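The values are calculated or read from the model by the stated rules, or taken from the named source; none is laboratory data. The structure presented is a predicted model; accordingly, all values stated were derived computationally and were not measured. So basically every Cβ, Gly included, is an ideal-geometry build from the backbone, and we count neighbours across all protein chains shown. Please note that ligands, DNA and RNA were not included when accessible areas were found on the heavy atoms of the full protein model with its side chains. Shrake-Rupley method; radii C 1.70, N 1.55, O 1.52, S 1.80 Å.
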Amino acid sequence: MAAMNEPKLISGNANRSLASSIARRMSMHRGMTVGLVDARVERFNDQEIFVEVYENVRGEDMFIIQPTSNPANDNLMELLIITDALRRSSAGRITAVIPYFGYARQDRRTKARTPISAKLVANLLTEAGIERILTLDLHAAQIQGFFDIPVDNLYAAPVFALDVEHNFRGRMNEITVVSPDVGGVGRARELAQRIGANLAIVDKRRTKPGEVAEMTIIGEVEDQICLIIDDICDTAGTLVKAADLLLNNGAKEVHAYISHGVLSGPAVERITSSAMKNLVITDSIEPTAAVKAAHNIRIVPTAPMFAQAILNIWNGTSVSSLFDTNTLVPIYEGMYPR
């Protein structure tokens, strides 16, 4: 596919700092200034969302950067209304860059008379006029099938692999990757294979959502540096319990690598007071002041990866090349020297 005009970025209010970082990275790649399209996304007194785009976008290749994180409904509506504004302004193509896809945990019916909200959101995005989705670590792979448009799902695992190899240099033979539940084994196994580590599983049984009745470990963790791998950390209750369980079973250290730091309610307090040495998250969700101030929470940037993915989509070249750890080494510009 031949490249259209220069790619143009527009951002909602959900994660302006990430949008600005992506624009800066694209400016470096292009050797020219790539800024955010001048627009206002604001609320009237009754909290209705209003969008006005101040630049001409006719025929342009537009990328809307907007995670649908907390407040999920407001951020989703911003994304839909920005899309409608661009479509009515004759944009050439509209791609939604959704670093964190909200409602992804509602991907199936768990009981009678419950919705599949992730499918509903997919329908809303498509009907609004979005022609492609770019996201990071969808909670469930089947969500890609909810869309009748292309969905590029990036993975945090290659970046986490770089971070692990850099921060645990000389101790890689002591690492065991841990899945916090049976459902996340595939994600944990992928990272374990990338770094050549062993794999363990925390088998947990819930009495009801948010409450864990029993946890057991499958695998050997004694005298190991345990890395808990998951896609979402919400209230951190299960994560902290898993860390305590691993330490009680002889683990030397426990660290966690989580793609999306939702970190709602008491999460930050639980993490800072836990025995876990580090929680590493991406900036797919804009971190709060409390998250930034936490002594054992570290944030890995995703802007280099998203910037390259946007350029690849614009150029009509492969996005899957970004699944390779070695491809990301030059993109992350010596952040993780080997």
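Kindly evaluate Phe101 against the criterion of being buried (at least 23 other Cβ atoms within 10 Å of the Cβ) and either in contact (Cβ under 8 Å) with a residue 24 or more places away in the chain or in the same structural domain as Ile228 (by the TED database) (or both). Criteria met by Phe101. Would you check if there is a residue in the stretch 318-328 being surrounded by 19 or more Cβ atoms within 10 Å (Cβ to Cβ) and over 26 Å from Gly92 (Cα atoms)? Scanning the stretch 318-328 turns up at least one residue that is surrounded by 19 or more Cβ atoms within 10 Å (Cβ to Cβ) and over 26 Å from Gly92 (Cα atoms).
Against the condition in contact with a Phe, Trp or Tyr (Cβ under 6 Å, 6 or more places away or on another chain) and open to solvent by 70 Å² or more (accessible area, probe 1.4 Å), how does Asp38 come out, does it pass? Yes. Applying the criterion of at least 3 residues that are under 25 Å from Asn312 (Cα atoms) to the strands (runs of 3 or more DSSP E) found wholly in the stretch 1-104 leaves 8-11, 61-65, 93-98. A search for C-beta distances below 7 Å between a residue of the stretch 110-125 that is over 17 Å from Ile94 (Cα atoms) and any residue that is assigned to a loop (DSSP other than H, G, I, E, B) and open to solvent by 70 Å² or more (accessible area, probe 1.4 Å), counting only pairs 6+ apart in sequence or on different chains, returns Pro115/Gln106; Ile116/Gln106; Ile116/Arg108; Ile116/Arg109; Ser117/Tyr103; Ser117/Gln106; Ala118/Tyr103; Ala118/Gln106. One residue alone among Glu131, Glu174, Glu165 is surrounded by 13 or more Cβ atoms within 10 Å (Cβ to Cβ), in the same structural domain as Ser89 (by the TED database) and touching a residue at least 12 places away in the same chain (Cβ under 8 Å), and that residue is Glu131. Apart from one condition, Val280 fits all of (1) in contact with an Asp or Glu (Cβ under 8 Å, 6 or more places away or on another chain); (2) among the β-branched types (Val, Ile, Thr); (3) not assigned by the TED database to the domain that holds Cys226; the exception is (3).
Considering each of Met26, Met32 in turn, give the residue that is over 15 Å from Ser284 (Cβ atoms) and surrounded by 18 or more Cβ atoms within 10 Å (Cβ to Cβ).
Met26
The residue of the stretch 296-317 that is surrounded by the most Cβ atoms within 10 Å (Cβ to Cβ), among those that are closer than 15 Å to Tyr155 by Cα and not β-branched (Val, Ile, Thr), is Phe306. Counting the residues of the stretch 212-252 that are in a helix (DSSP H, G or I), without any contact (Cβ under 8 Å) to a residue 60 or more places away in the chain and closer than 13 Å to Ala200 by Cα gives 2.
Being assigned to a loop (DSSP other than H, G, I, E, B) and farther than 19 Å from Phe63 by Cα is the filter; apply it to the stretch 139-154 and report the residue that is most open to solvent (accessible area, probe 1.4 Å).
Taking the candidates together, the pick is His139.
Whether a residue is surrounded by 15 or more Cβ atoms within 10 Å (Cβ to Cβ) and within 15 Å of the chain's Cα centre (by Cα) was assessed, and Leu136 passes this test.
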